[in-house]
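Quick note: the coordinates plus some simple rules give every number you see, no bench work behind them. A quick note: this is a predicted structure, and the numbers were derived from the prediction, not measured. As a convention, Cβ positions derive from the backbone with ideal geometry for all residues, glycine included, and neighbour counts pool all protein chains shown.
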Amino acid sequence: MPLSDFLSCPEEELETIITNDEPYSEGEWFKAKNIGMIQLCKLGELLNIGSYDELKNGFGIVGEPLPDGPWPETTPPALIAKLRQISDTEIQSVAQGWARTDELTGDSSANLVDYLTRLRDFLKQQSNPIFLINAL
């Protein structure tokens, strides 16, 4: 089951994909285990996109919530736009600060540089909406 992964797909295909027995077989996925809404809000704050609360309000459940998940959420467009065009220099800089936040205890800045670089490359290739897929 997906856990804090990004899915790029047309919104009308979202429910079919996330309820599939093998959801990773459809759509375009970026496996982002353990980096969810809370961590992304902190990242957006560090990137000066908005406050934590403003960014948190940009995540919203899509469709009728399933009792046991997964729960697809919209992702703030300003965050996606920034991550699509973030430079290598910005990645290096923000990863150091992000790694020191309480939300990412134990993650090294090198791991976060890799994560942000791969995420940027994934987002650049996508033309469909981006959803954060959460399941507990």
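General remarks:
- Around the amide H of E28, modelled in the peptide plane, lie the amide H atoms of S8, all under 5 Å away and 5 or more residues distant in sequence or on another chain.
- Sorted ascending by nearby beta carbons within 10 Å, beginning with the fewest, T75, T101, T16, T89 become T89, T16, T101, T75.
- Extension gain, D121 back to E26 (0.36 nm per residue minus Cα-Cα distance, nm): 32.3 nm
- Dividing the convex hull volume of the alpha-carbon atoms in the chain by its residue count gives 104 Å³ per residue.
- Each Cα pair under 8 Å and six or more residues apart adds its separation to the average, and for the chain the resulting relative contact order is 37 percent.
- Derived scalar couplings ³J(HN,Hα) [region 13-28; Karplus, 6.51 cos²θ - 1.76 cosθ + 1.60; whole Hz; x for Gly, Pro]: 9, 4, 4, 4, 5, 6, 9, 5, 4, 10, x, 6, 7, 10, x, 10
- Secondary-structure-derived ellipticity at 222 nm for the chain, considering helices only, amounts to -12500 deg cm²/dmol, per-run term -39500 (n - 2.57) for DSSP H runs with n ≥ 4.
- Rounded to 10°, Cα long-axis angle of helix 37-46 versus longest principal axis of the chain: 30 degrees
- Taking amide hydrogens as placed 1.01 Å from N in the peptide plane, the amide H of D5 sits under 5 Å from those of A32, I133, each at least 5 positions away in sequence or on another chain.
- Backbone geometry of region 118-124 corresponds, through the Karplus equation with coefficients 6.51, -1.76 and 1.60 at θ = phi - 60°, to 3J(HN,Hα) couplings of 5, 5, 4, 5, 4, 4, 4 Hz, x marking Gly and Pro.
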